[in-house]
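**Student:** Here it is, the structure, as structure tokens.
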Amino acid sequence: MDYNKLAELIFPDIKGTVGELEERFPKRDLPDGAKVTRFAPSPTGYMHIGGLYAAMISRKIAKQSGGVFYLRIEDTDKKREVEDGVNEIINSLKKFGLEFDEGPFEGSPDVYAPYKQSERKEIYQICVKALMKKGLAYPCFATPEELDAIRAEQEKLKVDIGYYGEYAIARNYTYEEIEEKIKAGMPYVVRLKSPGVAGNYVRYTDDIRGDIDMPENIMDVVLLKSDGIPTYHFAHAVDDHFMRTNQVIRGDEWLASYPLHKQLFEVCGFEQPEYVHISPIMKAEGNGKRKLSKRKDPEAAVGFYQEQGYPAESVLEYLMTIANSNYEEWHAANQDKSIDDFVLSLSKMPVSGALFDMVKLNDVSKEMISTFDADTCYDKIMDWADEYDKNLYEFGTKDKESFIKTIELWKMSGNKVRKDVAKWSDLTEMFDYLYVPDDALKFDYEVDEKYTKEQLAEVINEYKKDMFLTSENWFADMKVMGEKLGYCPNVKEYKKAPEQYKGSITDICTIVRVAVTGKKNSPDLFTIMSVIGKDRTEARLNRFMEEACK
Ligand code: GLU
């Protein structure tokens, strides 16, 4: 067969050469050891937490080595693509502080552009044409029915399933046969003519897994689909070569494809990058574990953490503890340093899927939030609320001063820093009396079981006469008021002779606290009342009277 003639028949319009591509996309001029890594998602509009994890690791490896981290869009599957998917990826990673050095966005350097696979069709075709000229690629006209028949035969014979060797019928077509089919308009794909030999092994080595021996690829895989668009495998070889990636970091679902990828780099004459296959993030289920699933687990989506209001720093820090379990120790010993100072080690990454632990994420996040000062919290809460909680946003923008006071209220208890809040949506859950509109506030009415209606009404009515909103000495004033109504100001004394009193100062405070906050426990009540103000405090007392004292 005259392979040159075949290549011209299949690709009459492709004039470029691989040599020209080598010049157009020169080797990167970077210091020794600098890693060029990439994040290569499909623009499906959905970002899995595993994607964020991989992006974080890839970026870190590039940055800590003085290399480059770029975004490549794998949009060869047009069916799964959503409008604006690319911007969504860029923006959502930006929110996590993960910015790209290069990619399909304005302002990016363009030496290695285009960064979208759909715009690189000619590049792939140049490479396939070169392979065809070497007799390493051929058109295949097999119909789905023919492929099914091959499969059925292989199942019967109990041999490897696939398109290879003697089963690869299109391998042996003559030029004339091919020309005839092309002229007849038969659709075709272009396949690799695999030089692999059954029984041979290739060695795979990565920093996480060490050495693994795998059977050499013998399959004549598809390089270009019938629309001329490459498969993932072929695009991977071409793109990572010409974008000069030297460290591929990707999910371990690709590990089994390594022998094929090794072969593709070899037949194309490309130097192979290093690989690391990261294990997926798992979820405990029964006694076992499974991958976090897009379909079943809301927490599989990055959007979940954004909606809940986890600060980006918390999510990244938590993911870092999964990536390198020594991160926590490092962090404890280097409190003054930031996550950017930590040196990530690929060899310390977990080999089998790490469990996603929501409790741990919450702990990491509580710790993180406790390190933010009130102004930082304010900015972050407003950013979040602007998108996810309009009431909260309105409160914060209308009265920043009061809002800052509310933050101080849950952040500090005396001069001790509290660690209660893990995510911004906790605010309305835990501190609804500060943050939700008054009519949505729920009262914890168990008090009406302990006290009589008359008792409640008496306390509230007395309290309403003077709400001590400006008092420096709220608690002392409460004691005075209680005493007047027959409540002992001293708890110890009360316990000695409870029959002499209606209750103690604790009862007085509890009743007022429930009326104002709806809860039996809260941070300093006086401060809460100063934040919500006299009118709203009064309105709550009235509502309490109406609902609990009737
Ligand atoms: N688009 C592929 C994926 O999302 C990329 C894999 C890779 O990083 O090479 O799985």
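**Student:** Note down the magnitude of the dipole of the stretch 1-75 about its Cα centre, charges +1 on Lys and Arg C-beta and -1 on Asp and Glu C-beta and zero elsewhere, to the nearest 20 debye. Present the calculation step by step, with values, prior to reporting the outcome.
**Tutor:** Numbers: 11 positive and 10 negative charges, 115 e Å.
Dipole size: approximately 560 debye.
**Student:** For the stretch 347-448, restrict the atom set to alpha-carbon positions and state the Rg and Dmax in Å.
**Tutor:** 16.5, 61
**Student:** What Kirkwood radius, in Å to one decimal, follows from the Cα pairs of the stretch 92-155?
**Tutor:** Working: mean 1/r = 0.0624 Å⁻¹.
Hydrodynamic radius (Kirkwood, Cα pairs) of the stretch 92-155 is 16.0 Å.
**Student:** If amide hydrogens are placed 1.01 Å from N in the peptide plane, which non-local residues have theirs closer than 5 Å to the one on Ser65?
**Tutor:** Lys35
**Student:** Also, I was wondering about something else. Please work out whether the stretch 1-61 counts as rounded, prolate or oblate from its C-alpha gyration tensor, where a ≥ b ≥ c are the square roots of the eigenvalues and a/c under 1.5 means rounded, while otherwise a/b larger than b/c means prolate and anything else oblate? Walk me through the numbers before you get to the answer.
**Tutor:** Values: a/c = 3.99, a/b = 1.73, b/c = 2.30.
Because a/c hits 1.5 or more and a/b fails to exceed b/c, the stretch 1-61 counts as oblate.
**Student:** Just grab the label-to-label distance for Glu119 and Glu387, each label 7 Å out from Cα along the Cβ direction, in nm (one decimal).
**Tutor:** Rounded to a tenth, the inter-label distance reads 2.5 nm.
**Student:** Could you tell me the relative contact order of the chain? Use alpha-carbon pairs under 8 Å, at least six residues apart, and round to a whole percent.
**Tutor:** Details: 755 pairs, mean separation 60.6, N = 550.
Answer for the chain is 11 percent.
**Student:** Can I ask one more? Among Ala385, Tyr435, Tyr451, whose Cα lies farthest out toward the positive end of the dipole of the stretch 375-453, if unit charges sit on the beta carbon of Lys, Arg (+1) and Asp, Glu (-1)?
**Tutor:** So the residue furthest toward the plus end is Tyr451.
**Student:** Non-local amide H neighbours of Ala354 (under 5 Å, H modeled in plane, Pro and chain starts lacking H): which ones?
**Tutor:** Met282
**Student:** In nm, to one decimal, how far is the modelled label at Glu401 from the one at Ile169, with both set 7 Å along Cα→Cβ?
**Tutor:** 8.5
**Student:** Along the positive direction of the dipole of the chain (beta-carbon charges: Lys, Arg +1; Asp, Glu -1; about the Cα centre), which of Leu260, Pro43, Thr371 reaches farthest?
**Tutor:** Ranked along the dipole, the leading option is Thr371.
**Student:** Now for a separate question. Quick one: net charge of Ala300's neighbours, Cβ under 12 Å, K/R +1, D/E -1? The partial results should precede the final answer.
**Tutor:** Working: positive: Lys283, Arg290, Lys291, Lys294, Arg295, Lys296; negative: Asp297, Glu299.
Once all neighbours under 12 Å are counted, the net charge is +4.
**Student:** Here is a follow-up. Tell me which trypsin sites (Lys or Arg not before Pro) from the stretch 121-150 have a DSSP coil assignment and no more than 16 other beta carbons within 10 Å of their own. Please report the intermediate quantities before stating the final value.
**Tutor:** Values: sites: Lys121, Lys129, Lys133, Lys134; in loops: Lys134.
Sites meeting the loop and neighbour criteria: Lys134.
**Student:** What does the charge count near Pro139 come to, summing +1 for each Lys or Arg and -1 for each Asp or Glu among other residues with Cβ under 10 Å from its Cβ? All intermediate terms of the calculation are to be shown ahead of the outcome.
**Tutor:** Numbers: positive: Lys181, Arg191; negative: none.
That works out to +2.
**Student:** Using the charge dipole of the chain (Lys, Arg: +1 at Cβ; Asp, Glu: -1 at Cβ; taken about the Cα centre), state which of Pro114, Val512, Val417 has its Cα farthest towards the positive end.
**Tutor:** Going by the charge dipole, the pick is Val512.
**Student:** List Leu9, Leu136 from most exposed to least, where exposure is judged by having the fewest other Cβ atoms within 10 Å.
**Tutor:** Working: Leu9 16, Leu136 21.
Fewest-to-most Cβ neighbours within 10 Å comes out as Leu9, Leu136.
**Student:** Using the crude model of +1 on Lys and Arg Cβ and -1 on Asp and Glu Cβ, and no other charge, please compute the dipole size for the stretch 113-261 relative to its Cα centre, in debye to 20. Mind showing how you got there, number by number?
**Tutor:** Numbers: 19 positive and 24 negative charges, 97 e Å.
Dipole magnitude for the stretch 113-261 comes out near 460 debye.
**Student:** Tell me, Glu23, Glu180 in order of fewest to most beta-carbon neighbours within 10 Å?
**Tutor:** Numbers: Glu23 8, Glu180 12.
Going from least to most buried by this count: Glu23, Glu180.
**Student:** Where does each of 46-54, 492-500 land if you order them by average Cβ count within 10 Å, highest first?
**Tutor:** The packing order, highest mean first, is 46-54, 492-500.
**Student:** Which shape class applies to the stretch 33-74: rounded if a/c is under 1.5, otherwise prolate when a/b exceeds b/c and oblate if not, where a ≥ b ≥ c are the square roots of the Cα gyration tensor eigenvalues?
**Tutor:** The shape class here is oblate.
**Student:** Along its three principal axes, how long is the chain when you only count alpha carbons? Whole Å, largest extent first please.
**Tutor:** Cα spread of the chain along its principal axes, largest to smallest: 111, 53, 40 Å.
**Student:** OK, next. Cross-link candidates for Lys534: which lysines have Cα within less than 17 Å, leaving aside residues fewer than 8 places away along the same chain?
**Tutor:** Result set, ordered by chain and number: Lys405, Lys464, Lys465.
**Student:** On to the next question. Quick check: from the Cα gyration tensor, does the stretch 106-208 come out rounded (a/c under 1.5), prolate or oblate? Numbers along the way, then the final one.
**Tutor:** Working: a/c = 2.16, a/b = 1.30, b/c = 1.66.
Oblate, since a/c reaches 1.5 and b/c is not below a/b.
**Student:** Sticking with this one: Name the trypsin sites (Lys or Arg not before Pro) in the stretch 1-37 that are in a loop by DSSP and that have at most 11 other C-beta atoms within 10 Å, would you?
**Tutor:** When the trypsin sites (Lys or Arg not before Pro) of the stretch 1-37 are filtered for loop state and at most 11 Cβ neighbours within 10 Å, Lys15, Lys27 remain.
**Student:** Here's something else I'd like to know. Return the long-range amide H neighbours of Ser504 (sequence gap of 5 or more, or a different chain), with a cut-off of under 5 Å between placed amide H atoms.
**Tutor:** Excluding prolines and chain starts, which carry no amide H, the hits are Cys488.
**Student:** If you don't mind, another one. Any idea what the dipole of the chain comes to, in debye rounded to 20, about its Cα centre with Lys/Arg Cβ at +1 and Asp/Glu Cβ at -1?
**Tutor:** Details: 76 positive and 97 negative charges, 167 e Å.
Dipole about the Cα centre, nearest 20: 800 debye.
**Student:** Another one. With a Förster radius of 25 Å, plug the Cβ-Cβ distance of Ser108 and Asp77 into 1/(1 + (r/R0)^6) and report the FRET value to the nearest 0.05.
**Tutor:** Numbers: r = 23 Å, r/R0 = 0.93.
For R0 = 25 Å, the calculated efficiency reads 0.60.
**Student:** Could I ask something else about it? Where Lys and Arg each count +1 and Asp and Glu each count -1, what net charge lies around Lys405 among other residues with Cβ under 12 Å from its Cβ?
**Tutor:** Net charge in that neighbourhood comes out at -2.
**Student:** Can you tell me which aspartates and glutamates have their Cα less than 19 Å from the Cα of Lys484? Leave out same-chain residues fewer than eight positions away.
**Tutor:** Answer for Lys484, where 19 Å is the Cα cut-off: Glu454, Glu458, Glu462, Asp466, Glu493, Glu499, Asp507, listed by chain and number.
**Student:** If you average 1/r over every pair of different alpha-carbon atoms in the stretch 203-315 and take one over that average, what Kirkwood value in Å do you get?
**Tutor:** Hydrodynamic radius (Kirkwood, Cα only) of the stretch 203-315 equals 16.8 Å.
**Student:** How do Ile10, Ile322 rank when sorted from fewest to most other Cβ atoms within 10 Å of their own Cβ? Each step should come with its number before you reach the end.
**Tutor:** Details: Ile10 20, Ile322 23.
If I rank by nearby Cβ atoms, fewest first, I get Ile10, Ile322.
**Student:** Just the number, please: percent antiparallel of the DSSP beta bridges in the chain, rounded to the nearest 5.
**Tutor:** Percentage antiparallel, nearest 5: 60.
**Student:** Percent relative contact order of the stretch 109-254, based on C-alpha pairs within less than 8 angstrom and at least six residues apart? Could you put the intermediate results ahead of the total?
**Tutor:** Working: 151 pairs, mean separation 37.3, N = 146.
Computed value for the stretch 109-254: 26 percent relative contact order.
**Student:** In nm, what is the difference between 0.36 nm times the number of residues separating Lys419 and Ala34 and their Cα-Cα distance? Could the numbers behind the result be given before it?
**Tutor:** On the way: separation 385, 0.36 × 385 = 138.60 nm, distance 3.96 nm.
Result for the pair: 134.6 nm of gain on full extension.
Here, each number is a calculation from the coordinates, and none is a lab measurement. All values derive from a computational prediction rather than experimental measurement. When we count neighbours, we look across all protein chains shown, and the Cβ atoms used for this are built from the backbone with ideal geometry, even at glycine.
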